[in-house]
Amino acid sequence: MGEIKVSPDYNWFRSTVPLKKIIVDDDDSKVWSLYDAGPRSIRCPLIFLPPVSGTADVFFQQILALTGWGYRVIALQYPVYWDHLEFCDGFRKLLDHLQLDKVHLFGASLGGFLAQKFAEYTHKSPRVQSLILCNAFSDTSIFNQTWTANSFWLMPAFMLKKIVLGNFASGPLDPEMADGIDFMVDRLESLGQSELASRLTLNCQNSYVEPHKIRDIPVTIMDVFDQSALSTEAKEEMYKLYPNARRAHLKTGGNFPYLCRSAEVNLYIQIHLLQFHGTRYAAIDPSMVSAEELEVQKISLHTSNEQEEQ
């Protein structure tokens, strides 16, 4: 149990990448926690937004791999925000503070929804260059919880944790997926009542994405074919919303593929970001591009060969 937490990779990450805390609102209690790794000269980095149960370090495998290739990567943890507009305003202030004009966003589950809402919120003065949406949704009504969204703030922490844990996979799982769930349960335990309540409120508050406002943004939709908290209808809705999106399908991976299928997820991220190489919106150090592209081609070839053999 808890293999990831004691793994050399995770311990190396925690000992080499500092966790920063930043306040951008007038309210001092609203603290953004983030890991910012890779070359500071990159002005359009990839930013990771976690799911309800996640903290910034759930993306440690992406941070280690991508920074090794020369990318600048930032993984975030949200302060307590109770509505989408408040979140978007806070996130915009954070980007201003970090002096980032435009960014690429990778959002997992709730993080994917918030990434879309932020792109929509800033559509008149765009701040989002591209989106990678992992197990994401576009309409909160799919959870049938909009009527309880306003009462999460009253619930004790143990009840909120029970609600979140109800969406975690159960039954027989392969070792990597079991380790991923153990790690996410551990991360969930580290969240306080107000953090959890606010995230569940954002997850279930009646809201949907207006696609006409963000249709010009390059999108990759990443989802899994095995058990996840998202229904098939929710996935189909995403495909309809973004008919031109690239699709990155993983055969397995459950709710947390970035933990238990990190090599595949990292490859799809690299393929998505290739389209920006050589532009001012590249998330990679230009001197690292050729070596990184060669590696992507090598892994792609290896992956396609494996699939043909199966």
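The amide H of residue 49, built 1.01 Å from its N in the peptide plane, has 106, 107, 108 as neighbours under 5 Å, considering only residues 5 or more places off or on other chains. Between residue 124 and residue 16, the simple label model (points 7 Å from Cα in the Cβ direction) yields a spacing of 4.5 nm. Summarising the amide proton neighbourhood of residue 226: residues at separation of 5 or more, or on other chains, whose placed amide H is nearer than 5 Å comprise 253, 254. For the stretch 240-248, the Karplus equation 6.51 cos²θ - 1.76 cosθ + 1.60, evaluated at θ = phi - 60°, returns couplings of 5, 5, 10, x, 9, 5, 6, 10, 10 Hz by residue, with Gly and Pro reported as x. Can you give the local net charge around residue 128? Use residues other than it whose beta-carbon is closer than 10 angstrom to its beta-carbon, Lys and Arg +1, Asp and Glu -1. Charge balance in the 10 Å sphere: +1.
Tally Lys and Arg at +1 and Asp and Glu at -1 over the other residues with C-beta under 11 Å from the C-beta of residue 179: what net charge comes out?
Combined, the nearby Lys, Arg, Asp and Glu give -4.
The alpha carbon convex hull volume per residue for the stretch 1-69 rounds to 123 Å³. Modelled label positions at residue 249 and residue 9, each set 7 Å beyond Cα in the direction of Cβ, lie 2.5 nm from each other. Computed about its Cα centre, the charge dipole of the chain is approximately 700 debye, with only Lys, Arg, Asp and Glu carrying charge at their Cβ. Of the residues 85, 194, 19, the one whose Cα sits farthest towards the positive end of the charge dipole of the chain is 85 (charges of +1 on Lys and Arg Cβ, -1 on Asp and Glu Cβ, taken about the Cα centre).
Please give the per residue volume of the convex hull enclosing the alpha carbon atoms of the stretch 107-204, rounded to a whole number of Å³. Can you show the working numbers first?
On the way: hull volume 12.3 nm³, N = 98.
Enclosed volume per residue, from the Cα hull, is 125 Å³.
Its alpha carbons give the chain an Rg and a Dmax of 18.3, 57 Å. Residues considered: 284, 74, 163. Largest GNM mean-square fluctuation over the chain, using C-alpha springs under 10 Å, is found at 163.
Computed from backbone phi, the HN-Hα couplings of the stretch 68-83 come to x, 8, x, 7, 9, 10, 10, 10, 10, 10, 6, x, 7, 10, 9, 9 Hz, rounded to whole numbers (Karplus: 6.51 cos²θ - 1.76 cosθ + 1.60, θ = phi - 60°; Gly and Pro given as x). Report the residue, chosen from 131, 49, 85, that carries the largest GNM mean-square fluctuation when the chain is represented by alpha-carbon nodes joined by springs under 10 Å. The residue with the greatest mean-square fluctuation here is 85.
Note on the chain: dipole from Cβ charges, positive end direction compared against 221, 104, 156; the farthest Cα belongs to 104. When restricted to Cα atoms, the stretch 186-262 yields an Rg and a Dmax of 15.0, 39 Å, respectively.
Residue by residue, the stretch 119-124 carries 3J(HN,Hα) couplings of 4, 5, 4, 9, 5, 7 Hz when phi is fed to the Karplus relation 6.51 cos²θ - 1.76 cosθ + 1.60 (θ = phi - 60°); x denotes Gly or Pro. Every helix of 4 or more DSSP H residues in the chain counts as -39500 (n - 2.57), and over all residues that averages to -12500 deg cm²/dmol at 222 nm.
Pairs spanning more than 18 Å between alpha-carbon atoms, out of 102/124; 93/117; 21/102: 21/102.
Could you compute how fast the stretch 68-154 diffuses translationally, taking Rh as the Kirkwood radius over C-alpha pairs and applying Stokes-Einstein at 4 °C with viscosity 1.567 mPa s? Give it in µm² per second. Walk me through the intermediate numbers first.
Numbers: Rh = 14.2 Å.
Stokes-Einstein gives a translational diffusion coefficient of 91 µm²/s.
Taken as Cα centroids, the stretch 56-81 and the stretch 1-52 sit 6 Å apart, rounded to the nearest whole angstrom. For the stretch 67-106, backbone nitrogen atoms closer than 17 Å to the point 7 Å from residue 33 Cα along Cα-to-C-beta are found at 74-81. The largest accessible area among 217, 42, 142 belongs to the first residue in 142, 217, 42, and the rest follow in falling order (1.4 Å probe, all chains). Of the solvent-accessible surface of the chain, computed with a 1.4 Å probe over protein heavy atoms with every protein chain present, carbon and sulfur atoms account for 53 percent.
So what's the net charge close to residue 56: Lys and Arg +1, Asp and Glu -1, counting the other residues with Cβ under 13 Å from its Cβ? Could you put the intermediate results ahead of the total?
Details: positive: 14, 20, 21, 187; negative: 36, 57, 195.
Result for the neighbourhood of residue 56: +1.
Ordering 248-258, 191-201 by mean Cβ neighbour count within 10 Å, with the highest value first, yields 248-258, 191-201.
With all protein chains in place and ligands, DNA and RNA left out, the 1.4 Å accessible area ranks 102, 213 as 213, 102, largest first.
The values are calculated or read from the model by the stated rules, or taken from the named source; none is laboratory data. All values derive from a computational prediction rather than experimental measurement. Cβ sites come from the backbone with ideal geometry, for glycine too, and all protein chains shown count toward neighbours. Surface areas here come from the heavy atoms of the whole protein model, side chains and all, with no ligands, DNA or RNA. Shrake-Rupley method; radii C 1.70, N 1.55, O 1.52, S 1.80 Å.
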